[in-house]
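FYI, it's all coordinate maths here, none of it is from the lab. Being a predicted model, the structure only gives us computed values, none of them experimental. All Cβ positions, glycine included, derive from the backbone under ideal geometry; neighbour counts span all protein chains shown.
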Amino acid sequence: EVYGFSMPDKMTMRTAFGMGTHYIDKYHRLKTREDKKKVYGYYFESLAAHHVSPYNHTPGVTWKTSWTNGEPVIDWTEWDAAMDDARRRYGFSDFRISSLGLGYGDEAKSHPGVIPGLGMKSTHPEYEKHIAKYLKAVESHLRETGRLKDAFLYCYDEPRLEADKIVREGLALVAKY
């Protein structure tokens, strides 16, 4: 028996699908930004039709960070426009936050944190002072734009036991700031 109902425009079930654009680029032999945007759009249409949000709604587009007098200056213009477009066009909701300057890795290798736009590594004595400012600025913007509730942090893919320290330290900083 078929019931008469329609799916809402905005996705209501929280999902996060890892759409590896580097594999898409390789498979389709994509080189230009325009070609990538067009082909990713086909993948996004398929995900949207099945009410699945990809991790990253804006492949190839990030916010830009610089620092002035020890304060982060973040240009959200391009990223905000791409996020708004993905939400309007595909109804995507949940998304992964990246570019936070925390340590990260996967089952093969760990990487120390490096603060975007500043280049300061997590081993630097002033790292925590600066990462605190950066994390607060990112949170503030996500809250102001109504995106904070849909954002999630996926800092490490299948961490090995040796990576436990990186994961705990990074998540402690996020919780603290």
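In plain terms, the chain from residue 121 to residue 39 could stretch by 26.0 nm, reckoned as 0.36 nm per residue minus the Cα-Cα distance. Using Cα atoms only, what is the angle between the long axis of helix 164-176 and the major principal axis of the chain, expressed in degrees (0 to 90) to the nearest 10? Once rounded, the angle reads 90 degrees. Annotation for residue 69 and residue 106: the two label points, set 7 Å from Cα along the Cα-Cβ direction, are 4.2 nm apart. Taking label points 7 Å from Cα along the Cα-to-Cβ direction, residue 165 and residue 21 give a separation of 3.4 nm.
Using Cα centres only, tell me the gap between region 51-116 and region 139-177 in whole Å. Cα centroid to Cα centroid, the span is 12 Å.
Free of any GluC sites (Glu not before Pro) that DSSP assigns to a loop and that have at most 13 other C-beta atoms within 10 Å, the longest stretch within the chain is 2-106. Placing unit charges on each Cβ (+1 for Lys and Arg, -1 for Asp and Glu) gives the chain a dipole about its Cα centre, and among 41, 54, 67 the Cα reaching farthest toward its positive end belongs to 67.
Taking a 21 Å limit on the Cα-Cα distance, which of the listed pairs 136/176; 129/176; 64/121; 37/121; 121/176; 31/109 fall beyond it? Spell out each step's value before the answer.
Values: 136/176 10 Å; 129/176 12 Å; 64/121 18 Å; 37/121 32 Å; 121/176 19 Å; 31/109 27 Å.
As for pairs spanning more than 21 Å Cα to Cα, those are 37/121; 31/109.
Restricting attention to region 6-44, which chymotrypsin sites (Phe, Trp or Tyr not before Pro) occupy a DSSP loop and are surrounded by at most 16 other Cβ atoms within 10 Å? Filter output for region 6-44: empty list.
For the chain, what is the calculated [θ] at 222 nm in deg cm²/dmol (nearest 500), taking -39500 (n - 2.57) for each run of four or more DSSP H residues and dividing by its residue count? Intermediate values should be presented prior to the final figure.
On the way: 5 runs with 70 residues, N = 177.
Helices in the chain give a 222 nm mean residue ellipticity of -13000 deg cm²/dmol.
Over all distinct alpha-carbon pairs, what is the Kirkwood Rh of the chain in angstrom?
Details: mean 1/r = 0.0559 Å⁻¹.
Mean inverse Cα-Cα distance, inverted, gives 17.9 Å.
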